[in-house]
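All remarks here apply to the structure that follows.
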Amino acid sequence: MTRACLIFVFLAWACGPRAGDMCAQVPAGFESSSDPAGSTGAQVIDGVAARIEDDVITESEVRELSAFQELVDGHPKPRAEVIKELADQWIVRGEANAAKYPRPSKEEVDSAYSQFIGQFPSTQEFTAKCARAGISEAGLRRLIEEQLYLSRFLDYRFRSAAQVDEQQIESYYHDEFTPPLKSRGETVPPLDKVEDTIREVLIQRAINERAAKWLDETRERLELDILLEGNTP
């Protein structure tokens, strides 16, 4: 993934067209405990990872997003970068709440959760990777719900300004869509068969670029103080 927040990744499949059936059953035995310390019984005292305006980002939020990144990418990002992504989410969440943008329904979250699982080769591998990352079903569902909410709001906010013309579609078709297929010896479908898909890809790209620019500009005006790890409230 790029430096941009994970919510941009969700735009690619939570808001755009979906190719194929990605649904899967929830893996049997995948525990729904949200206790980040596991079953040790030890009490975890949350710490303050950063102060943002008159609010805080907690160490548990950093750990949970890091675990999600490890599940998706195979490794977490540096702590400071995770905190910046949480700050971006804080910005978007504030705008979405102020606009009274609706939260996703339980059915929508369930569907997104199933689609997320479907991106893994098997439910067994998914369960194993969750265990290695240290993320529970409850934590994963909570993160997916939040990512879905934020990505949909960004789509809602920037889609109308993300205009794509025919020249851009043709350029993408010839420069980005066709070469990989030819290199693999696969049949290249005619442009008119994939035009709508390409248009949506380019719209999502434009949304991501506009959202990233807005977040960069907004973040510069915020007071964000990243603290050393191990601080307590």
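The values are calculated or read from the model by the stated rules, or taken from the named source; none is laboratory data. The structure displayed is predicted, hence computed values, not measured ones. Quick reminder, even Gly has a Cβ in these numbers, built from the backbone with ideal geometry, and neighbours come from all protein chains shown.
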**Message:** Just to be sure I understand the filter: pairs with C-beta atoms under 8 Å, separated by 6 or more residues or on different chains, first member in region 125-136 and under 13 Å from residue 72 (Cβ atoms), second member among the hydroxyl-bearing types (Ser, Thr, Tyr) and part of a loop (DSSP other than H, G, I, E, B). Which pairs pass?
**Reply:** 130/136
**Complete:** So, first residue part of a loop (DSSP other than H, G, I, E, B) in region 61-87, second residue of a type in the set (A, V, I, L, M, F, W, C), Cβ within less than 8 Å, six or more apart or across chains; the pairs are 76/67; 76/82
**Request:** Tell me which residues, restricted to region 125-184, are surrounded by 16 or more Cβ atoms within 10 Å (Cβ to Cβ) and either in a loop (DSSP other than H, G, I, E, B) or among the aromatic types (Phe, Trp, Tyr) (or both).
**Result:** 126, 134, 135, 136, 149, 153, 158, 162, 164, 172, 173, 177
**Request:** Please specify each residue of region 188-231 satisfying the condition of being in a loop (DSSP other than H, G, I, E, B), modelled with pLDDT under 95 and of a type outside the set (D, E, K, R).
**Result:** 222, 227, 228, 230, 231
**Request:** Please find, within region 202-233, the residue that is surrounded by the fewest Cβ atoms within 10 Å (Cβ to Cβ) out of those that are farther than 13 Å from residue 162 by Cβ and of a type in the set (A, V, I, L, M).
**Result:** 228
**Request:** Please indicate, with yes or no, whether at least one residue in region 139-156 is farther than 27 Å from residue 220 by Cβ and β-branched (Val, Ile, Thr).
**Result:** yes
**Asked** Among the residues of region 187-201, is any more than 19 Å from residue 85 (Cβ to Cβ), touching a Pro at 6+ places or on another chain (Cβ under 8 Å), exposed (fewer than 12 other Cβ atoms within 10 Å of the Cβ) and not aromatic (Phe, Trp, Tyr)?
**Response** yes
**Message:** Going by what's in this entry, would residue 143 be described as of a type in the set (A, V, I, L, M), under 25 Å from residue 53 (Cα atoms) and out of contact with any Cys (no Cβ under 8 Å at 6 or more places or on another chain)?
**Reply:** yes
**Residue match in region 100-108 (condition: buried (at least 20 other Cβ atoms within 10 Å of the Cβ) and either acidic (Asp, Glu) or not in a helix (DSSP H, G or I) (or both))** = no
**Fill in**
Filtering region 88-111 down to residues that are free of Cβ contacts under 8 Å to residues at least 24 places away in the same chain and either among the polar types (S, T, N, Q) or touching a His at 6+ places or on another chain (Cβ under 7 Å) (or both) yields 97, 105
